[in-house]
Amino acid sequence: MGIELIMSLIFAAALLGVGIYGALSQTNLVMIMMGIELILAAALLNMVAFWKYLHPDNPAGQMYVLIVMTVMALEMAVGFALAIARFRSRGSVEMEEAVELKE
Amino acid sequence: MIISAQLIFITFFGLAAVWFGIVVFRTYSMVRSAIALLFSQTALGALFLTLQAEFLGVLQIMMMATEMSVMAIFMVMFMMDPGGLGKMDMTHQKRLSIIAGIVTFIAAVAVAVYIDWGPITTVNDAPTIQIKALGIELLGRSMLVFETAGITILTAMIAAIAVAIQPKGNINNNHKEPK
């Protein structure tokens with residue numbers, strides 16, 4: 001079995017684990033977005049590795065990587081817009097202070 | 001087991017991507033966090049180049065360089081202590097987060113190692129042939145998906161501007177203290 005594929009998947013798993021830690025542990029909205037970026041980066045690595053080692057003759061694999069890259073950019077754009085709106089109304093993007101979202 | 005040059009580069013760039021990913025959440029300085037994330041994503045782009053996905057590798061590096069520069073600016077704007085001089089702890093539920101991260105990592109590694117992925121192909125087409133095939137795929141069979149991505153970007157741009165724009169009549173009422 002391809003050790004290169006396994007290694008790529010293991011690094012993707014590590015990025016996923018670090019991303020989940022970051023998204024769950026951080027209190028700042030921008031830092032949470034950084035965690036989500038790492039999770040999406042893990043998905044990207046998985047897709048490129050699968051395309052390279054399992055279906056290199058099918059360009060649809062690369063197309064899905066482009067779609068995930070689009071999702072990463074959109075996540076950042078909408079996330080920053082929410083951060084600006086939140087900062088304007090409350091003066092902070094700390095999620096510990098966003099208790100009204102619970103109510 | 002034969003250690004190929006590709007395996008060495010995959011290991012090097014993979015370790016770099018993961019290490020800088022960890023540094024993102026270890027440093028107190030938010031600008032350093034953004035730069036660490038930039039290095040992590042750039043290492044990932046280099047890993048794509050190692051995997052012979054040249055177009056995606058270059059795209060990843062270019063896109064992330066821009067994205068992380070914007071992120072660093074937002075960090076300085078929105079963080080209480082962007083330089084990290086006060087060494088503020090900005091984390092919560094740390095133990096649960098570490099456990100969730102480790103469990104996810106172990107589960108994903110188990111899936112990677114124990115699943116039979118079928119026959120492995122190591123020979124790729126030349127970059128020019130790959131990019132031509134991708135172009136034909138994007139403007140042929142996958143055109144609907146590609147166009148949907150374009151419409152989604154447009155929708156997100158409009159939504160982001162609508163959310164971020166300052167409401168009328170609220171110009172002198174900024175920065176309310178949290179209740």
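Every number in this text was worked out from the coordinates using simple rules, so none of it is lab data. No experiment lies behind these values; they were computed from the predicted model shown. Note that we place each Cβ from the backbone using ideal geometry, even for glycine, and neighbour counts take in every protein chain shown.
Value of Rg to Rh for the protein assembly as shown, rounded to two decimals, is 1.01; Kirkwood radius and Rg both from alpha-carbon coordinates. Multiplying the residue separation of B:T148 and B:I8 by 0.36 nm and removing their Cα-Cα distance gives an extension gain of 46.6 nm. The Cα center of the range A:36-103 and the Cα center of the range B:37-64 differ in position by 16 Å. Ranked by the mean number of other Cβ atoms within 10 Å of their residues, highest first, the peptides B:28-38, B:10-20, B:57-67, B:126-136 come out as B:28-38, B:10-20, B:57-67, B:126-136.
If R0 is 25 Å, the Cβ-Cβ spacing of B:Q93 and A:E100 corresponds to a FRET efficiency of close to 0.80. A viscosity of 1.306 mPa s and a temperature of 10 °C, combined with the Kirkwood radius over C-alpha pairs in the Stokes-Einstein formula, give the range A:3-101 a diffusion coefficient of 106 µm²/s. A Stokes-Einstein calculation at 20 °C with viscosity 1.002 mPa s, built on the Kirkwood radius of the range B:1-80 over Cα pairs, returns a diffusion coefficient of 162 µm²/s.
Per-residue mean of foreign Cβ neighbours for B:57-65 is 2 (Cβ atoms of other chains, 10 Å radius). Using helices alone, what [θ] at 222 nm do you get for the protein assembly as shown, with -39,500 (n - 2.57) per DSSP H run of 4 or more residues, divided over all residues and rounded to the nearest 500? Result for the protein assembly as shown: -25000 deg cm²/dmol, rounded to the nearest 500. Under 10 Å, Cα contacts only: if you run a Gaussian network model on chain A, which one of A:L15, A:L66, A:L44 comes out with the highest mean-square fluctuation? Ranking A:L15, A:L66, A:L44 by mean-square fluctuation puts A:L66 first.
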